[in-house]
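Visitor: Encoded as structure tokens, here's the structure I'll be asking about.
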Amino acid sequence: MLTFIKDIGMILPTEKSPRKYRYYLVRCECGKEFGIAKNNFDKKVKSCEQCRLKTPTNYRHGNANKTLYHTWNNMIYRCYNDDNKAFMRYGGRGIKVCTEWKNNFETFETWALGNGFTEGLTLERVNNNIGYSPLNCRFITKSAQTKNRCCSVINRFTEEELSDICEMYEELGLSYKSLGSMLNVNPKTVCNIIKGKYNA
């Protein structure tokens, strides 16, 4: 719940805004103070944006594609909720969701339905080092995404490092699991590295 602190007065929301709006200074339950337009306060906005993004949104869009809604919701959750178990691999390393998607599920749904989404496909970022946006996302099969993730991990190693990994496997007789623990990668990734060496 937001607590009213004071009336800020009539201000321009942005430099390009054509008119002024009345703003209030309010405090969220988390302690954050911020300005909010009076009409949004009157609509009973209950928290600051950060708190809203930390709370998983229940499915409530009756005409929406349920699979896409959960895809969108999970995307937001892992990028902005530091309690999410995947946060460190997403929001924790700077992965964001573009404004047009973050603030509007329908915009994401429209893009998805017009860009190859069908049931059974999963959302993937083309470049894993940048965020979610129309220019960096596509829909692929889950098996293809798993393969791409593995390739992405393997690409972190130099040719010399890959050779060292194979030598450790051959000379020390370590299992994929043991090598994976040492390298902080999935044992399947180690398996692919070894097989790639033998198939070279």
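Visitor: Of all residues being closer than 15 Å to Lys102 by Cβ and in contact with a Leu (Cβ under 7 Å, 6 or more places away or on another chain) in the stretch 112-140, which is surrounded by the most Cβ atoms within 10 Å (Cβ to Cβ)? Just the residue, please.
Guide: Looking at the filtered set, the residue picked out is Ala112.
Visitor: Of everything in the stretch 50-100, what is of a type in the set (D, E, K, R), within 18 Å of Ala112 (Cα to Cα) and at pLDDT below 85? Give them in sequence order.
Guide: Once the filter is applied, which keeps residues that are of a type in the set (D, E, K, R), within 18 Å of Ala112 (Cα to Cα) and at pLDDT below 85, the stretch 50-100 yields only Lys66.
Visitor: Any residue in the stretch 1-19 that's surrounded by 10 or more Cβ atoms within 10 Å (Cβ to Cβ) and at pLDDT below 80: show its pairings with residues that are part of a loop (DSSP other than H, G, I, E, B) and of a type in the set (Val, Ile, Thr) at Cβ separation under 8 Å, as long as the two are six or more apart or on different chains.
Guide: Pairs found: Leu2/Val45.
Visitor: If you don't mind, there's one more thing I want to ask. Quick one: in the stretch 116-141, of everything that is farther than 20 Å from Ile95 by Cβ and not in a loop (DSSP other than H, G, I, E, B), which residue is modelled with the lowest pLDDT?
Guide: Thr141
Visitor: Okay, moving on. Limited to the stretch 101-115, what total is found for residues that are in a loop (DSSP other than H, G, I, E, B) and either under 14 Å from the mean Cα position of the chain (by Cα) or closer than 17 Å to Asn74 by Cβ (or both)?
Guide: Summing the residues that are in a loop (DSSP other than H, G, I, E, B) and either under 14 Å from the mean Cα position of the chain (by Cα) or closer than 17 Å to Asn74 by Cβ (or both) in the stretch 101-115 gives 2.
The values are calculated or read from the model by the stated rules, or taken from the named source; none is laboratory data. Computed from a prediction, not measured in an experiment: that's the story for all the values here. No Cβ is skipped: glycine too gets one built from the backbone with ideal geometry, and neighbour counts run over all protein chains shown.
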